[in-house]
1. Where the only charges are on Cβ atoms (+1 Lys, Arg; -1 Asp, Glu), what is the dipole of the range 4-207 about its Cα centre, to the nearest 20 debye?
2. Summing Lys, Arg as +1 and Asp, Glu as -1, what charge do residues with Cβ under 14 Å from the Cβ of GLU227 carry, GLU227 excluded?
3. Per-residue counts of other Cβ atoms within 10 Å, averaged by peptide: what ranking do you get for 271-282, 20-31, highest first?
4. Using a basic spin-label model with each label point 7 Å from the Cα along Cα→Cβ, how many nm lie between GLU61 and ALA112?
5. Along the range 66-76, what does the Karplus equation 6.51 cos²θ - 1.76 cosθ + 1.60 (θ = phi - 60°) give for ³J(HN,Hα), rounded to whole Hz, x for Gly and Pro?
6. I need the calculated FRET efficiency for the pair GLU234 and VAL124, taking r as the beta carbon distance and R₀ as 22 Å, to the nearest 0.05.
7. Give the cross-link partners of LYS122 among the lysines, using a straight C-alpha distance below 21 Å as the criterion and excluding same-chain residues fewer than 8 apart.
8. Assigning unit charges at the beta carbon (Lys, Arg +1; Asp, Glu -1) and nothing else, what dipole magnitude in debye, to the nearest 20, does the range 29-100 show about its Cα centre?
Amino acid sequence: MSVEFKERKLPNGLTVIAEIDPKAHSAAAGFFVRTGARDEPPELMGVSHFLEHMMFKGTREISADELNRRFDDMGARHNAYTSGEVTCFYAQTLPEKADDALDLLGRMMRPALREEDFTTEKQVILEEIAMYRDNPFWVLYEEALERYFAPHGLGHRVLGTDETITALTRDQMADYFNNRYAPDNMVLSLAGHIDFDHACDIAQSVCGNWPATGVSRNTETPATNAETFEIKDETVHRGYLIGLAPAPAGEDERRYPAMVLAQLLGGDGNSRLHWALIEKGIAEEAQAGYDPHEGCGVFMVYAGGEPERLATIRGIIEDEINNLADNATETDLERIRNRVATMATLGGERPGDRMQRIGRQYTALRLYRSLEEELEHINAVTLDDIRTLASEMSPMPTLIGTLRP
């Protein structure tokens, strides 16, 4: 895939990166702010996600209605999301509208944060928190992360809690914004059919007066907690189990075998947990995942089924983990490589996906690897790599949580 990577740092510290493809039929831009739930003081838990909502309420010069109308008029697909480590605001357009989209996206990044908008949106956030309480996976996952990482910020709930959101003030949000939404804490990621130099000129014009703050993040590996807990909820009718274990950090080159190991254990479809639990009718759902963070990583296993079967499900998961490295075959690796390559290549055909991939990668690691280089690293994973990682950082859960009626 013939794309060209370019990078430039503006005088105020804003880094602009791009994968340029003159043959693409669309263009994408996204501001990646290196801030999320892990960066929040406990009493401000949820402020990053709340702030994401507030960014769409307009600037001092542009009302919320006008902001959304302008995006709609140019046919843009625009949205945002917040995680534990990053907040992203993005837009995708036809190439002839790319300049307008970048200009408007940049202006949106300096919101008015009006008190009346803040008060109204607070109720929306509280309703969203209530909605997620109806999702068994989300309830168990948030509780598990909180217990596993406590008191570290990686255990913070992205949405916050009823208590923290209710107590949050507009001025506290503004202080958080002024500190962390700084150009030296952001990456502007571009992809597709774009003029890089012209895009940098637009970024300098719109964003060049944003002050740097020198804000940083503690990326030391946090201590984690080992325990077993249970949540009782009369409104659920199934039993659910989650397990967490230490895994390589996002900057650790062992992230590639970790990714393969997690896919082998519980990826979609033809995985060990699928055949041992779902195909045998023991569980209704079962999966495993690897979540890399700055400074640490997490292996996760999750399953759901009849409440009285949870002990059996846990035993089978532990057996599959114990036997995983020894039973893995070259055929297994080839299957996973092909799956990952297909998913990555399909995404690589879309500028929006390329913008997301390089933006998240550069924000977390401050490096760029092309799609081809990423695939080379995945294809280089061997059975010995899997076995070595399993002996060094087994996905056997050190924290186990269950949710049952």
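Since every read-out is calculated from the coordinates, none of them should be taken as a lab result. Everything numeric here is computed off the predicted structure, so don't read it as measured data. Because the Cβ atoms are built from the backbone with ideal geometry, glycine has one as well, and the counts that use them run over all protein chains shown.
1. Its charge dipole is roughly 260 debye.
2. -2
3. Top to bottom by mean Cβ count within 10 Å: 20-31, 271-282.
4. Spacing of the two 7 Å Cα→Cβ label points: 1.4 nm.
5. Values, residue by residue: 5, 4, 5, 5, 4, 4, 5, 4, 8, x, 6 Hz.
6. According to the calculation, E is roughly 0.20.
7. Correct list for LYS122: LYS57.
8. The dipole magnitude comes to about 80 debye.
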